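Read through the structure below, which is laid out as structure tokens, and then see the notes.
Coordinate-derived values only; no laboratory data. Please read all numbers here as calculations on a predicted model, not as lab measurements. As a convention, Cβ positions derive from the backbone with ideal geometry for all residues, glycine included, and neighbour counts pool all protein chains shown.
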Amino acid sequence: MENFDFYNKTKIVFGKDVENKAGEECKAIGSKVLLHYGGGSIKKSGLYDRVVKSLKDAGVDYVELAGVKPNPRLSLVKEGIQICRKENIDLILAVGGGSVIDSAKAIGVGVHYEGDVWDFYMGKASPEKMLPLGVVLTIPAAGSEASPSSVISNEEVQLKKGLTNICLRPEFSLLNPELTYTLPDYQTACGITDMFAHVMERYFTTTKGVELSDRLCESVMKTVVHQAYRVLKDPKDYTARSEIMWAGTIAHNDMIGCGRSQDWSSHGIEHEISAIYDVAHGAGLAVVFPAWMKHVYTNNIGRFARFAHEVFNVDYDFEKPERTALEGIAALERFFKDIGMPVRLSEMDIDDKNIETMASKVTGNGAHSIGGFKELSKDDVKAILKLAL
Ligand code: NZQ
Ligand code: ZN
């Protein structure tokens, strides 16, 4: 096991009706809130009214900024920074999914910075603090409700970039599985794929002697597969929704990634796809991950065979573990298809036109490699994207 620091300050409040605690949780931090949300799902479901009532009941003043789009845009972040400065906002309350939370995080770090907030995402500066952030989560997926990361799209230059810094963890996150009943099946499946991918990015490691986190990863992945079928069969199955919601947080608050090298090249490649084609992050991952696996599995056949056996119950072929490894990749593709995800770029109407551009962007024109399980050059990325066609 490698040395590590783990610090997660986010208070999680989980269960039915917890959104009604938004006011009191905010009040404990400040008296003026930026209420940040997306394109209207929270108004349709009635969640908006409950959150506003809770703020009012607690005597918390608020200003609104709506309109966060999936793959959240830098332009709205900049608007949010101006509002926070003008209105002397004490904290941000993000009501939504990863996009709303990530947008709130960008606003929260931008407020304290005199330069362009995009500098943080380009690695030109590092944030030292963020406005306190509270979350009411509506879709289990990105894990941003407890992660130290934010991903923003700069629409002017078609770049989607992530920022990770310990100060980006929220103060509190309210998780009510019932809030996810209104999710369209496609969004539920995108979320499931994303959380599963967050575990795989950690599971495919080169670090030896990490039995505990290996087994934790396998538990999360097995649970997600099992509960995914239940939740899609009955979207109002509270138990299944609860398991999926908690799995989404566990998958990405990094508890299961402590002490081990991680990969993250599939995420890097997917971000280039969604930067250009604006696809849902989870759907992009369902296409990239199996292609990445086919490209890299020979680096450690035993690890892929173990994945197949432990997560998808594939019989372990001790004579030919490669067969087991390949069956595992096929089982993962089957799972993605079963839950309604695309597994090829062509299913998202994406052809080979921008493969060169995407491979170039993710590797800095070929200047650096990506990934930890296997270091990938620009040519490797091109090969993976071709496998995904
Ligand atoms: O905008 P509204 O109207 O709210 O609709 C949203 C949106 O269209 C809808 N939705 C959310 N909750 C709903 C609902 N519809 C009905 N009922 C509900 N309860 O779902 C759509 C997708 O929402 P979004 O927030 O975009 O989804 P997700 O949570 O998957 O977030 C995706 C973003 O997170 C980034 C992704 O790259 C992407 O930009 N990621 C962030 C990470 C992090 N901060 O740690 C890590 C991830 O790997 C990921 O990259
Ligand atoms: Zn992700």
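Rg over Rh for region 302-389 works out to 1.06, both radii taken from alpha-carbon positions and Rh defined as the Kirkwood radius. Between the alpha-carbon centres of region 215-272 and region 1-74 there is a gap of 22 Å.
The alpha carbons of the chain stretch over 68, 45, 44 Å along the principal axes, in descending order. Note on region 49-169: Kirkwood radius taken over Cα pairs, Stokes-Einstein applied at 20 °C and 1.002 mPa s, translational D equal to 149 µm² s⁻¹.
Using the number of other C-beta atoms within 10 angstrom as an exposure proxy, rank ASP263, ASP185 with the fewest first.
ASP185, ASP263
Cross-link candidates for LYS16: which lysines have Cα within less than 20 Å, leaving aside residues fewer than 8 places away along the same chain? Reachable lysines: LYS43, LYS44, LYS53, LYS236.
Here the average projected area of the convex hull drawn through the C-alpha atoms of region 161-288 stands at 8.4 nm².
For LYS208, the lysines whose Cα comes closer than 16 Å to its Cα, not counting residues fewer than 8 places off in the same chain, are LYS374. Per-residue Cβ neighbour counts within 10 Å put TRP118, TRP264 in the sequence TRP264, TRP118, beginning with the fewest.
Computed over region 171-244, the P(r) tail beyond 14 angstrom holds 64 percent of alpha carbon pairs.
Rounded to the nearest 10 degrees, the angle from helix 47-57 to the longest Cα principal axis of the chain is 40 degrees. Only alpha carbons enter this Debye calculation for region 238-364, each as an equal point scatterer, and the log10 of I(q)/I(0) it gives at q = 0.10, 0.14, 0.15 Å⁻¹ is -0.39, -0.77, -0.88.
The order of LEU133, LEU345, going from fewest to most other C-beta atoms within 10 Å of their C-beta, is LEU345, LEU133. Over all pairs of different C-alpha atoms in region 101-213, the reciprocal of the mean inverse distance, the Kirkwood hydrodynamic radius, equals 15.8 Å. Partner lysines whose Cα lies under 23 Å from the Cα of LYS9, excluding those fewer than 8 positions away in the same chain, are identified as LYS21, LYS27, LYS32, LYS105, LYS129.
The Cα atoms of region 233-282 define a convex hull whose projected area, averaged across directions, is 5.1 nm².
Summed over qualifying helices (DSSP H, 4 residues or more, each -39500 (n - 2.57)) and divided by its residue number, the chain shows a 222 nm mean residue ellipticity of -15000 deg cm²/dmol.
Arrange the peptides 194-201, 155-162 so that the one whose residues have, on average, the most other Cβ atoms within 10 Å appears first.
194-201, 155-162
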